[in-house]
Amino acid sequence: DAGVIQSPRHEVTEMGQEVTLRCKPISGHNSLFWYRQTMMRGLELLIYFNNNVPIDDSGMPEDRFSAKMPNASFSTLKIQPSEPRDSAVYFCASSPGTSGETQYFGPGTRLLVL
Amino acid sequence: AQSVTQLDSQVPVFEEAPVELRCNYSSSVSVYLFWYVQYPNQGLQLLLKYLSGSTLVKGINGFEAEFNKSQTSFHLRKPSVHISDTAEYFCAVIDTGFQKLVFGTGTRLLVSP
């Protein structure tokens with residue numbers, strides 16, 4: 001299995017532009033998680049899905065952030081408009097689905113907003 | 001709300017020396033506990049986890065951790081570290097029945113020759 005796949009691996013954009021991050025979870029996994037990692041705040045859970053349905057989006061920082069999971073093999077995290085303070089590494093993770101199951105992380109997308 | 005404390009932001013150690021990375025969590029309710037490792041420019045990889053049963057959990061790369069409910073701790077240990085163990089280590093907790101992982105701030109392990 002290829003593991004969790006994220007694209008792009010690096011993204012540099014200018015303030016105000018729309019950014020879309022993509023994730024393909026491990027086949028057969030029912031849960032998908034989006035995290036953000038910064039030096040100041042560490043690892044934060046932004047949102048997670050069970051069976052393509054958003055369960056908890058309380059970590060989404062503001063309305064500029066949105067996430068979708070149109071099917072079991074694809075999810076997007078969109079920032080519109082982007083701001084310099086959104087610069088971070090964004091990780092996607094997937095798990096088989098139940099509490100206690102290991103979450104498998106992708107390699108991350110390093111976002112820099114100028 | 002659940003929280004995790006990793007008191008040491010950085011732990012320098014010489015190669016082949018033992019190491020302990022400390023982790024304490026806030027809640028006394030039933031929890032699952034995890035240690036993840038992050039190598040530079042990579043995602044997180046599971047080292048080990050405690051769900052139930054024996055309080056001593058063995059993981060990959062020679063690491064082990066001990067769950068101590070009375071002290072709400074889950075310290076990570078390795079008897080002899082290698083240069084390749086240099087990485088960031090994250091402790092995480094989930095309340096039983098839930099899926100939301102709460103991470104500590106991480107401990108950077110620096111192994112030198």
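Bear in mind that the values in this text are calculations on the coordinates, not laboratory data. If you're wondering where the values come from, they're calculated on a predicted model, not measured in any experiment. Cβ coordinates were reconstructed from backbone atoms using ideal geometry, including for glycine residues, and neighbour counts include every protein chain displayed.
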Select from the stretch B:84-103 the residues that are more than 17 Å from B:Leu21 (Cα to Cα) and touching a Lys or Arg at 6+ places or on another chain (Cβ under 7 Å) and list them in ascending order. B:Ile94
Search result, residues across the stretch A:69-106 that are more than 14 Å from chain B (Cβ to nearest Cβ) and more than 27 Å from A:Met40 (Cβ to Cβ): A:Met69, A:Pro70, A:Asn71, A:Ala72, A:Ser73, A:Phe74
So how many residues does the stretch A:75-114 have that are under 18 Å from A:Gly28 (Cβ atoms), of a type outside the set (D, E, K, R) and in contact with a strand residue (DSSP E or B) (Cβ under 8 Å, 6 or more places away or on another chain)? 14
Which pairs have Cβ atoms under 6 Å, sit 6 or more apart or on different chains, and link a residue in the stretch B:77-105 that is more than 11 Å from every other protein chain (Cβ to nearest Cβ) and at negative phi to one that is surrounded by fewer than 17 Cβ atoms within 10 Å (Cβ to Cβ) and in a strand (DSSP E or B)? B:Arg77/B:Glu20; B:Arg77/B:Glu64; B:Thr86/B:Leu110
Output yes when any residue across the stretch A:33-43 is in a strand (DSSP E or B), of a type in the set (A, V, I, L, M, F, W, C) and away from every other protein chain (no Cβ under 14 Å), and no when none is. no
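Is there a residue in the stretch B:53-61 that is part of a strand (DSSP E or B), more than 10 Å from chain A (Cβ to nearest Cβ), surrounded by 21 or more Cβ atoms within 10 Å (Cβ to Cβ) and within 15 Å of the chain's Cα centre (by Cα)? Please lay out each step first, then the result.
Applying the first criterion (part of a strand (DSSP E or B)) to the stretch B:53-61 yields B:56-58.
Checking which are more than 10 Å from chain A (Cβ to nearest Cβ) leaves us with B:56-58.
Those still in the list that are surrounded by 21 or more Cβ atoms within 10 Å (Cβ to Cβ) too: B:57.
Still in the list and also within 15 Å of the chain's Cα centre (by Cα): B:57.
Scanning the stretch B:53-61, I find at least one residue that is part of a strand (DSSP E or B), more than 10 Å from chain A (Cβ to nearest Cβ), surrounded by 21 or more Cβ atoms within 10 Å (Cβ to Cβ) and within 15 Å of the chain's Cα centre (by Cα), so the answer is yes.
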Given the condition assigned to a loop (DSSP other than H, G, I, E, B), without any contact (Cβ under 8 Å) to a residue 12 or more places away in the chain and either of a type in the set (Lys, Arg) or more than 14 Å from chain A (Cβ to nearest Cβ) (or both), answer yes or no: does some residue in the stretch B:19-38 qualify? no
For the stretch A:24-46, name all the residues that are of a type outside the set (A, V, I, L, M, F, W, C), in contact with a strand residue (DSSP E or B) (Cβ under 8 Å, 6 or more places away or on another chain) and closer than 16 Å to A:Gln6 by Cα. A:Lys24, A:Pro25, A:His29, A:Ser31, A:Tyr35, A:Arg36, A:Gln37
